[in-house]
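S.K.: Quick one: the structure is below, and I'll ask about it shortly.
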């Protein structure tokens, strides 16, 4: 590790230590045990207890760490070097019980309350999408948050398999009911797939969520959709959640519920870059399931999207500081 003149942690230089060597950490940053002194904490949530289809997202954080060794220091479009703008490190994984659903949710929420209390912005790698619920409960406890949500699914269903209220298909409904997410400041991008019922999205629309189906995205393009997202979330505190299945499985096959006809990686990157300046107070990349992608492509995509988001967060940290 090379220290920045300001004392900011720096990633291991791939031109000095080969990227296939050394311990794995997010972006090859140092690993720390406390969020104190950090502006942005990179966190793994190795848990997929909310999965209803193909399990395996619990292995996402480890493989995203491995593939993040391919990330370099500077963004080639924005020229942002996040490690020069903010104090960033790998905080490790949330320690949780993988077979206790409600216990895991409570553990995740308590962990992120600690991160929030330390003043660090969490950027997380899941894990299935239910992991976002306890994070929102921790970050939105003082005021409801806005949300920019990339996904193939709305994840606003009420229940699965009888009375099961907590799955990766229900987190945003539960967050709205808990008062930590403002539906009128929520936009979902890339939604598609067949529905359980023709009116499956009625609740989400009735409470004010803006759903951008993939067909509309294709017609209007990244610039228009990003501009609308900025208008919807406004100047308030906002969370960014990126489900890897928003992408077409040609680009990200390793996920629990793949849906064809999705975003390309280039479209997703273009849209993320256009969100620069939004007051993001946390973000995640979820549903990377390495067992279904032995080539490692999906984890590489996940790591790359984390880097894109990291640049947005670091830029926002610098703007707040100035």
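A quick yes/no check of all residues on (1) over 17 Å from residue 146 (Cβ atoms); (2) assigned to a loop (DSSP other than H, G, I, E, B); (3) out of contact with any strand residue (DSSP E or B) (no Cβ under 6 Å at 6 or more places or on another chain):
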| site | (1), (2), (3) |
| --- | --- |
| 272 | no, no, yes |
| 278 | no, yes, no |
| 283 | no, no, no |
| 288 | yes, yes, yes |
| 291 | yes, no, yes |
| 301 | yes, no, yes |
| 306 | yes, no, no |
| 311 | yes, no, yes |
| 317 | yes, no, yes |
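S.K.: Any idea how many residues of region 211-231 are crowded, with 19+ Cβ neighbours inside 10 Å and either out of contact with any strand residue (DSSP E or B) (no Cβ under 8 Å at 6 or more places or on another chain) or in a strand (DSSP E or B) (or both)?
M.R.: 3
S.K.: For residue 249, are the conditions met, namely being crowded, with 19+ Cβ neighbours inside 10 Å and out of contact with any helix residue (DSSP H, G or I) (no Cβ under 8 Å at 6 or more places or on another chain)? If you could, list the steps in order and put the result at the bottom.
M.R.: Values: crowded, with 19+ Cβ neighbours inside 10 Å: yes; out of contact with any helix residue (DSSP H, G or I) (no Cβ under 8 Å at 6 or more places or on another chain): yes.
When the stated conditions are applied, residue 249 passes them.
S.K.: In this structure, does residue 125 turn out to be more than 17 Å from residue 45 (Cβ to Cβ), buried (at least 22 other Cβ atoms within 10 Å of the Cβ) and in contact with a helix residue (DSSP H, G or I) (Cβ under 8 Å, 6 or more places away or on another chain)?
M.R.: Numbers: more than 17 Å from residue 45 (Cβ to Cβ): no; buried (at least 22 other Cβ atoms within 10 Å of the Cβ): yes; in contact with a helix residue (DSSP H, G or I) (Cβ under 8 Å, 6 or more places away or on another chain): yes.
Considered against the rule, which asks whether it is more than 17 Å from residue 45 (Cβ to Cβ), buried (at least 22 other Cβ atoms within 10 Å of the Cβ) and in contact with a helix residue (DSSP H, G or I) (Cβ under 8 Å, 6 or more places away or on another chain), residue 125 comes out as no.
S.K.: Answer yes or no as to whether residue 67 is out of contact with any strand residue (DSSP E or B) (no Cβ under 8 Å at 6 or more places or on another chain) and closer than 22 Å to residue 298 by Cα.
M.R.: Yes: the conditions hold for residue 67.
S.K.: Can I ask one more? Go through region 258-288 and report how many residues are over 16 Å from the mean Cα position of the chain (by Cα) and either closer than 23 Å to residue 120 by Cβ or at pLDDT below 95 (or both).
M.R.: So the answer is 1.
S.K.: Does residue 95 count as within 23 Å of residue 116 (Cα to Cα) and modelled with pLDDT under 95?
M.R.: no
The values are calculated or read from the model by the stated rules, or taken from the named source; none is laboratory data. Predicted, not measured: the structure shown is a model, and the values here were computed from it. Here Cβ is always computed from backbone atoms with ideal geometry, including for glycine, and neighbour counts include all displayed protein chains.
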